[in-house]
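Laboratory data are not the source of any read-out in this text; all were calculated from the coordinates shown. Remember, it's a predicted structure, so these values are computed and weren't measured experimentally. Here Cβ is always computed from backbone atoms with ideal geometry, including for glycine, and neighbour counts include all displayed protein chains.
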Amino acid sequence: MARGVYIHIPFCHQICNYCDFNKFYFKNQPVDEYIETLGKEMALATEKYPHSFQRIETIFLGGGTPTALSPAQLTRLLTLIRTYIPMDSVTEFTSEANPDELSEAKMIALFEGGVNRLSMGVQSFDQELLKKIGRTHSNTHVYDTIALAKKVGFTNISIDLMYGLPRQTMNQWKDSLEKAFALDLPHISAYSLIVEPKTIFYNQYAKGKLNLPTEDLEADMYDVLMQEMQVHGLMQYEISNFAKTGFSSTHNKVYWDNDEYAGFGAGAHGYINGIRYSNHGPLKKYMDAVNAGDLPIMHEHIVTATEKREEQMFLGLRKTDGIAHAIYEERFKEPMMSHYGQVIDNLVSEGLLEHDAVGIRLTRKGRFVGNEVFQQFLLED
């Protein structure tokens with residue numbers, strides 16, 4: 001049974017240099033038709049899998065850029081969502097947003113349409129760095145938009161920050177953190193730059209034209225991040241996410257708890273009834289499939305028992321609380337230690353994992369090499 005719903009809005013007015021998500025320039029795209037197609041896809045899915053949509057806790061509008069839509073388009077989208085997705089159990093309804101696109105009219109459309117959480121892509125408070133990564137907003141946009149969001153009625157506001165950016169210095173990173181904390185927000189996500197294929201940065205990197213911080217400097221930036229978040233009262237509940245009490249993201253937890261969720265839209269991914277799937281990415285393929293009365297699925301993978309165990313480990317260990325023995329045993333009908341005892345003991349001896357009667361979790365040292373730790377749980381025969 002799905003806990004969450006992800007809805008992909010693949011349109012952007014500006015493509016960021018680091019972005020590898022399915023996206024298209026907004027101009028001359030069939031945006032209104034796409035929104036109607038989303039409604040049809042939701043109708044098809046909820047009719048085919050009614051049991052899977054009985055207790056949806058969280059909905060997330062991602063992209064692309066949902067706030068690239070007009071107020072009228074946002075209102076229509078939210079009406080379709082409320083029409084086809086049961087809202088009785090939904091406690092968190094998030095929309096991603098760009099600071100320079102979120103007008104008061106759009107915010108009102110979101111708020112009145114049921115959205116109760118905004119996630120804003122700030123990335124940096126350094127104007128030169130913003131230009132380097134392809135962002136178009138200014139700090140003034142950020143301050144004004146957050147003030148406006150509070151005026152409209154939003155109390156649950158998150159921002160994204162990035163570190164390890166081209167030529168980024170420690171002083172620039174500390175300055176961005178200082179400005180972020182001054183906003184007194186309940187949630188901040190902070191991600192290191194990953195140079196993904198099919199991005200502008202990847203092409204620059206391949207040509208030797210992308211000057212990135214050293215691994216040591218990036219690790220120091222992460223160290224400063226964890227220290228400063230704690231000082232400012234934001235609890236680290238996942239490797240890259242920090243929140244005041246009561247404001248950790250339910251939607252994020254759906255992924256890290258390895259629970260099921262539906263994905264709607266071009267290029268969206270989902271996990272329903274033990275099957276991970278991805279939708280067609282090109283708009284025409286996506287819309288043609290739905291308009292023919294079919295779910296627009298391009299690829300399906302039935303998750304094996306081994307893969308489910310592996311996913312439970314490497315997703316769950318992203319959480320500060322880690323993985324509880326009781327939850328693992330309930331899900332897999334065997335003790336965690338009977339399957340992973342040797343791996344866990346080895347990682348504990350290396351100081352990368354903590355292990356007690358409740359469960360296992362990364363140590364502070366382990367957070368710096370999380371991917372190496374996760375890899376140890378993928379080595380079974």
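Things worth noting here:
- Relative contact order (percent, whole number), the chain, Cα cutoff 8 Å, 6+ residue spacing: 16
- Close amide H pairs (under 5 Å, H built 1.01 Å from N) link PHE264 with TYR6, ILE7, HIS8, residues at least 5 positions away or on another chain.
- Dipole magnitude for the range 261-349: about 240 debye, using +1 per Lys or Arg Cβ and -1 per Asp or Glu Cβ, origin at the Cα centre.
- GNM result for the chain, Cα springs below 10 Å: residue of GLU311, GLU112, GLU215 fluctuating most strongly: GLU215
- Annotation: extensible slack from ASN273 through LEU212 equals 17.8 nm (criterion: 0.36 nm per residue apart, minus Cα-Cα distance).
- Legend: residue pairs LYS131/LYS207; LYS174/LYS253; LYS132/LYS198; LYS150/LYS244; LYS48/LYS308, Cα-Cα distance threshold 22 Å; pairs beyond threshold, LYS174/LYS253; LYS48/LYS308.
- Stokes-Einstein diffusion of the chain at 20 °C, 1.002 mPa s viscosity, Kirkwood radius from Cα pairs, rounded to a whole number: 98 µm²/s.
- Net lengthening on full extension, SER338/ASP294 (0.36 nm per residue, minus Cα-Cα): 11.5 nm
- Per-residue 3J(HN,Hα) values for the range 334-348, derived from phi via the Karplus relation 6.51 cos²θ - 1.76 cosθ + 1.60 with θ = phi - 60°, read 7, x, 4, 5, 5, 9, 10, x, 5, 4, 5, 4, 4, 6, 5 Hz in sequence order (x marks Gly and Pro).
- Within the straight-line cut-off of under 18 Å between alpha carbons, the lysines reachable from LYS27 are LYS284, sequence neighbours fewer than 8 places apart in one chain being disregarded.
- Backbone HN-Hα couplings from phi across the range 159-165 [Karplus 6.51/-1.76/1.60, Hz, Gly and Pro as x]: 10, 9, 10, 10, 10, x, 7
- Cα-centre dipole for the chain with unit charges at Cβ (Lys and Arg positive, Asp and Glu negative), debye to 20: 920
- In sequence order, the range 27-38 has phi-based couplings of 4, 6, 9, x, 5, 4, 5, 4, 4, 5, 5, 4 Hz under the Karplus curve 6.51 cos²θ - 1.76 cosθ + 1.60, θ = phi - 60°, and Gly or Pro positions carry x.
- Annotation: amide H of GLU57 within the under-5 Å range of GLY4, sequence separation 5 or more or interchain, hydrogens built in the peptide plane.
- Measuring r between the beta carbons of LYS131 and SER192 and using R0 = 35 Å, the FRET efficiency lands at 0.95.
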